Amino acid sequence: MCESAESGALSTPEKVSFEPSSRLSRRGGVALVVGAVSYIAVRVAFTASRSVTSVDDTVGYQSVSFLGSAARPWVLPALFAITSDRVFVLAQTVVSASAFVLLALSIASTLRDRRVAVVVGVWIALIGLAPRVTTWDAMLITESLSISLTLMLLSVIVRRDLLSHRWVAIGAAATFVLWTFLRDAHGLLAVPVAVVVGALLIRRRQPLLAGVLLVVALLAFLSGRNNREIEAFNVSANVTYHVSYDADRLAWMLDHGMPDVAALDVGDPFARQDALNNDVVFQEWARGPGLNTYVRFLVAHPEFTLKAVPAIVLDVDFHPEGMVDHTFAEYPDPPPSVPFTLVWPREATAYSLALLVGALGVVLWAERSQRDRRLWATQALLVLTTIPHAFLVYHGAPIELARHAVVLSTVLVVSLVWIIAVGIDEAVAGQSTPRSVCRQPAAGDDQ
């Protein structure tokens, strides 16, 4: 209920609708299908023209375990077990291209002006042709599927009104399960998300879907607790790149139980990490109290811990790239890069900041003109999730920041583009109801 701007009487606020502004004609539908198929074909052609590439981490995805006893979560090892390398990269390319099409259509369907919807939908699809995305398609690693499954979940968030349909809900739950057990970091992020969203679903009388999410949260928690191999590797990386080169930080860690091993004196940082990974005494500590000790170190050194936030867009400490960049890791047989670097450049600090300024401008304009905050609140929350995600990336696996932040940067760019799209749509359509103005309930409305 809210107060009418004219009479002061109480009335029912109009609900935000996610319905498209108009239905597609048959010709428009055909054009849409042809465009989507052509887009997927172009992405597949990019991948087919390249050789399949393995990285150092690929070997860790050879063993399947559903409860965390293997080195990595089970989704990628399971896919490796049932497909050849070439089939896998082509399949993950189709999934990635389809995810960009789905997200483009989902966001476009929430906009009222068809011209704005077309431009924004095409822009999001073109983001999927940028090297920041296509680099991963021919690689035997999690990044491509991580982007794809994240975009599918974002599509569910955009059109969450469709979750009342059984098959949409089932598809969303299946996507969440695959996303959760694709990467170690996803498992950590999925636990609080599943608990919160599950509780909301129970309130909305969708207990089955809530139960699935809560079971996923429990399995993710158990998998994380059982797997100490990656945890020990990350402790070694953090000590190497965040602690060992600074005398005060190193002294703090040694005073709090970290063993003073000869590997800490190795000059080259990459060789130092290898030495720590192969030091029996250090690894015993890393698999035991090492993680808790490093967390205590972060709490005791907030000025260092908070460097994760500027690291989203800036080079911090030894890192040669921010999380939104992709300049450090050069891989063989790169994908085509022009003109799609204009849509999402590899050195993306200025690009990301420009989108952020544009999105802030939309929010300020919307507030000043008293637009409904629900038009941009979801997108703003998605942007804010990049901050805790940045802490996880920077202090979890502090090598190849842009690679490990690929989900963070994807969510950030898409959410900012979505905010700007809504602002332009509101300005062009000019039909949004101000927050302070409500309509009287019509016949048949819920009382």
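The values are calculated or read from the model by the stated rules, or taken from the named source; none is laboratory data. Nothing here was measured: the structure is a model prediction, and the numbers come from that model. Using ideal geometry, Cβ is built from the backbone for each residue, glycine included, and neighbour counts are taken over all protein chains shown.
Return the only residue of ALA45, ALA36 being part of a helix (DSSP H, G or I), modelled with pLDDT under 95, in contact with a Leu (Cβ under 9 Å, 6 or more places away or on another chain) and small (Gly, Ala, Ser).
When all the criteria are applied, what remains is ALA36.
So which residues in the range 230-251 are under 15 Å from PRO289 (Cα atoms) and at pLDDT 90 or above, if there are any at all?
The answer is VAL235, SER236, ASN238, VAL239.
Yes or no: TRP123 assigned to a loop (DSSP other than H, G, I, E, B), within 17 Å of VAL411 (Cα to Cα) and hydrophobic (A, V, I, L, M, F, W, C)?
no
Looking at ALA247, ALA251, ALA262, ALA199, can you tell me which residue is touching a helix residue (DSSP H, G or I) at 6+ places or on another chain (Cβ under 9 Å), farther than 30 Å from ALA70 by Cα, among the small types (Gly, Ala, Ser) and surrounded by fewer than 17 Cβ atoms within 10 Å (Cβ to Cβ)?
ALA199
Scan (1) at pLDDT below 80; (2) closer than 27 Å to ARG403 by Cα for the single condition VAL196 breaks and write down its number.
(2) is the only condition that VAL196 fails.
Taking ARG183, is it among the charged types (D, E, K, R) and over 21 Å from the mean Cα position of the chain (by Cα)?
no
Can you tell me which of LEU126, LEU154, LEU140, LEU145 is in contact (Cβ under 8 Å) with a residue 60 or more places away in the chain and closer than 19 Å to VAL212 by Cα?
LEU154
Surrounded by fewer than 23 Cβ atoms within 10 Å (Cβ to Cβ), farther than 22 Å from PHE80 by Cα, touching a Phe, Trp or Tyr at 6+ places or on another chain (Cβ under 7 Å) and not basic (Lys, Arg): which single residue out of ILE170, ILE157, ILE127 fits that description?
After ruling out the rest, the residue left standing is ILE127.
Report whether or not ALA97 is of a type in the set (Gly, Ala, Ser) and surrounded by 18 or more Cβ atoms within 10 Å (Cβ to Cβ).
Criteria met by ALA97.
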